[in-house]
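> A single structure is presented below for examination.
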Amino acid sequence: MDKEMMNQTEEVTVTADELRIPRGLAEYIVRILDSKKARDIKLLHVEKQTVITDYFVICTGNSRTQIRALADEIEFKLSAFDITPTHTEGADTGTWLLQDYDSVIVHIFNSEARDFYNLDKLYAETKEQDISDLLTED
């Protein structure tokens, strides 16, 4: 039987089968980030631009503490499904943190680092995915 988990913040039920699909995993990560008040969340389908992953989830955190908390929450929620990042980078910098989940790579930036790396522009040829139905209104 598949594991199921209720995300109490969002009242969203997700199954392990849904998380095996790259889009399902990416959308769940978007919901986690939204529940923890990440800013300017974007989901980019980069499969045709790079061989390293299918999706980038990009967001901005307000502080070093929030950046770490966002990453920790993603790891915590996904660990319930035995999903762990294959690689993490930037945890000590406090300006940018990357979590690699193979089919989905999460980039959590502070404002300055996001402007500097400008992944939104670098991958401008990709189709930004509509995630409006995944985000809560503030």
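The values are calculated or read from the model by the stated rules, or taken from the named source; none is laboratory data. Just so it is clear, the structure is predicted and the values come from calculations on it, not from any experiment. Note that we place each Cβ from the backbone using ideal geometry, even for glycine, and neighbour counts take in every protein chain shown. Surface areas here come from the heavy atoms of the whole protein model, side chains and all, with no ligands, DNA or RNA. Shrake-Rupley method; radii C 1.70, N 1.55, O 1.52, S 1.80 Å.
> Would you confirm whether any residue within region 124-131 is β-branched (Val, Ile, Thr) and either modelled with pLDDT of 95 or more or not in a loop (DSSP other than H, G, I, E, B) (or both)?
The initial filter retains those residues of region 124-131 that are β-branched (Val, Ile, Thr), namely 126, 131.
Within this subset, residues satisfying the condition of being either modelled with pLDDT of 95 or more or not in a loop (DSSP other than H, G, I, E, B) (or both) are none.
No, because not a single residue in region 124-131 is β-branched (Val, Ile, Thr) and either modelled with pLDDT of 95 or more or not in a loop (DSSP other than H, G, I, E, B) (or both).
> Next up: Pull up region 89-116, narrow it to residues that are more than 17 Å from the chain's Cα centre (by Cα) and of a type outside the set (D, E, K, R), then point me to the one that is nearest to ILE29 (Cα to Cα). Don't jump to the end; show me each part of the working.
Residues of region 89-116 more than 17 Å from the chain's Cα centre (by Cα): 92-93, 112, 115-116.
Remaining after also requiring of a type outside the set (D, E, K, R): 93, 116.
Working: THR93: 22, PHE116: 23 Å.
Ranking the candidates gives THR93 first.
> In region 48-64, how many are open to solvent by 50 Å² or more (accessible area, probe 1.4 Å), of a type in the set (A, V, I, L, M) and touching a residue at least 24 places away in the same chain (Cβ under 8 Å)?
Within region 48-64, residues that are open to solvent by 50 Å² or more (accessible area, probe 1.4 Å), of a type in the set (A, V, I, L, M) and touching a residue at least 24 places away in the same chain (Cβ under 8 Å) number 1.
> Based on what the data block shows, is ASP92 modelled with pLDDT under 95 and surrounded by fewer than 17 Cβ atoms within 10 Å (Cβ to Cβ)?
The answer is yes for ASP92.
> Residues being aromatic (Phe, Trp, Tyr), open to solvent by less than 30 Å² (accessible area, probe 1.4 Å) and either free of Cβ contacts under 8 Å to residues at least 24 places away in the same chain or more than 14 Å from LEU33 (Cα to Cα) (or both): count how many of those fall in region 101-138.
Count: 1.
> With the structure loaded, tell me whether ILE32 is under 14 Å from the mean Cα position of the chain (by Cα), over 19 Å from VAL14 (Cβ atoms), of a type in the set (A, V, I, L, M) and surrounded by 20 or more Cβ atoms within 10 Å (Cβ to Cβ) or whether it fails that test. Give the steps one after another, and end with the answer.
Values: under 14 Å from the mean Cα position of the chain (by Cα): yes; over 19 Å from VAL14 (Cβ atoms): no; of a type in the set (A, V, I, L, M): yes; surrounded by 20 or more Cβ atoms within 10 Å (Cβ to Cβ): yes.
Here the answer is no, as ILE32 does not meet what is asked.
> Of all residues in region 95-112, which are touching a helix residue (DSSP H, G or I) at 6+ places or on another chain (Cβ under 9 Å), at pLDDT 95 or above and either among the hydroxyl-bearing types (Ser, Thr, Tyr) or in a loop (DSSP other than H, G, I, E, B) (or both)?
Selection gives TYR101, ASP102, SER103, ASN110.
> Scan region 12-29 residue by residue and report those that are more than 11 Å from the chain's Cα centre (by Cα) and surrounded by 18 or more Cβ atoms within 10 Å (Cβ to Cβ).
Listed by number, the residues that qualify are VAL14, LEU19.
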